[in-house]
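This report concerns only the one structure given below.
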Amino acid sequence: MSVNHTRVPRFILLGFSEITQHQLSLFPIFLCIYIITVGGNLSIIITYKLSPSLHTPMYFFLAHFSLLEILYVSSTVPKMLSSLLSDCSKVISFSGCAMQMFCVLLFGGTECYMLAAMAYDRYNAICHPLLYTLIMREIVCIRHIVGSYVIGAANALIHTVFTFSLPFCRSNEIDHFFCDVPPVLELSCQDIWVNELVIFLVAGCVIIGSFVVTMISYIEIISKILKLSSTLGKKKSFATCSSHLIVVTIFYGSGIVMYFGPRSSYRTGQKSLVSLDRLVSVMYTVIAPMLNPFVYSLRNSEIKLAMQRLLYELIKV
């Protein structure tokens with residue numbers, strides 16, 4: 001018996017359709033979050049560019065990470081905002097969905113290794129202070145940035161190609177607010193065990209691999225800090241790392257839950273699990289990028305001082 005394998009011309013992003021009466025209320029909330037996210041991360045980039053005192057590897061990575069956060073949140077939120085205003089905007093073309101998935105995975109995967117590079121930078125600053133400027137030369141920092149993008153692009157390309165080479169005949173309704181891998185896979189009329197294996201292996205290498213590198217760096221850092229005799233030195237060292245650790249916890253925690261959680265929630269119709277997946281996705285694609293500038297600027301005296309100096313000069317002009 002033949003099965004009608006159809007290539008759907010478009011998808012429908014259901015988003016928050018189950019709470020239709022609250023969609024208009026959600027629009028100003030997510031719009032404010034988006035504006036704060038872009039504005040906050042842009043302020044870090046501008047502060048870095050205009051403050052020679054911040055031209056160090058640590059802030060070089062932070063500026064690039066802030067740029068990634070802007071790109072990351074911009075790959076999902078604008079489409080979600082338009083979908084909240086109109087049901088017609090919930091429609092996304094086949095190629096548009098593939099492009100959105102590629103961008104989300106590209107920027108997300110790149111962030112994983114950018115966070116690992118930032119942890120490696122802090123490791124060298126605290127554990128090898130005398131060799132720090134030699135180890136973290138400008139060319140080395142650039143290689144870390146380029147390498148992060150290459151890994152992110154490879155990860156995105158593999159998942160996007162494997163996902164959109166499948167036939168889709170179950171439905172064209174994606175029970176999510178953007179084209180993420182798990183909900184799109186559940187629309188396929190073909191066995192997706194190969195794709196699930198790819199998720200486990202490739203995403204495992206990207207997420208878990210970078211997470212392990214980050215954790216090893218911080219184990220070494222904490223071990224070194226605890227050996228310091230000066231209480232002031234311990235506080236200062238912990239202060240330079242705590243902001244990064246907060247961002248790492250939010251980003252990796254939500255990402256691991258999303259990509260290594262149970263795959264059956266969409267296909268079995270367990271709405272509670274689908275809603276949980278959507279909430280987790282909101283955490284790492286919307287909330288985490290918004291928190292980044294607050295975590296780094298409010299907990300970092302050098303950035304606060306640089307921002308205050310720039311504001312003073314702007315007001316004086």
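The values are calculated or read from the model by the stated rules, or taken from the named source; none is laboratory data. As the structure is a computational prediction, the values presented were derived from the model and not from experiment. Glycine also receives a Cβ, built like all others from the backbone with ideal geometry; neighbour counts cover every protein chain displayed. We work out accessible area using only protein heavy atoms, side chains counted, and drop any ligands, DNA or RNA first. Shrake-Rupley method; radii C 1.70, N 1.55, O 1.52, S 1.80 Å.
Based on what the data block shows, is LEU134 free of Cβ contacts under 8 Å to residues at least 12 places away in the same chain and assigned to a helix (DSSP H, G or I)? It is true that LEU134 is free of Cβ contacts under 8 Å to residues at least 12 places away in the same chain and assigned to a helix (DSSP H, G or I). In the range 87-99, of all residues being in contact with a strand residue (DSSP E or B) (Cβ under 7 Å, 6 or more places away or on another chain) and part of a helix (DSSP H, G or I), the one that is modelled with the highest pLDDT corresponds to CYS97.
Candidates are the residues of the range 153-184 that are in contact with a Cys (Cβ under 8 Å, 6 or more places away or on another chain), open to solvent by less than 10 Å² (accessible area, probe 1.4 Å) and of a type outside the set (Val, Ile, Thr); the one that is nearest to LEU105 (Cα to Cα) is ALA156. Does the range 67-76 include one or more residues that are in a strand (DSSP E or B) and buried (at least 19 other Cβ atoms within 10 Å of the Cβ)? Among the residues of the range 67-76, not one is in a strand (DSSP E or B) and buried (at least 19 other Cβ atoms within 10 Å of the Cβ), which makes the answer no. Residue pairs whose Cβ atoms lie under 8 Å apart, sitting 6 or more positions apart in sequence or on different chains, and linking a residue in the range 236-248 that is at negative phi and among the polar types (S, T, N, Q) to a partner that is open to solvent by 30 Å² or more (accessible area, probe 1.4 Å) and modelled with pLDDT under 70, are SER242/ARG299; SER243/ARG299. Of all residues in the range 271-285, those that are open to solvent by 50 Å² or more (accessible area, probe 1.4 Å) and at pLDDT below 75 have Cβ atoms under 9 Å from Cβ atoms of residues that are β-branched (Val, Ile, Thr) and in a helix (DSSP H, G or I), 6 or more apart or on another chain, in LEU276/VAL257.
Yes/no matrix, rows are residues, columns are (1) open to solvent by less than 10 Å² (accessible area, probe 1.4 Å); (2) touching a Gly at 6+ places or on another chain (Cβ under 9 Å); (3) within 24 Å of ILE199 (Cβ to Cβ):
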{"residue": "ILE45", "(1), (2), (3)": "no, no, no"}
{"residue": "PRO78", "(1), (2), (3)": "no, no, no"}
{"residue": "MET99", "(1), (2), (3)": "no, no, yes"}
{"residue": "LEU106", "(1), (2), (3)": "no, yes, yes"}
{"residue": "ALA125", "(1), (2), (3)": "no, no, no"}
{"residue": "LEU130", "(1), (2), (3)": "no, no, no"}
{"residue": "ILE135", "(1), (2), (3)": "no, no, no"}
{"residue": "SER148", "(1), (2), (3)": "yes, yes, yes"}
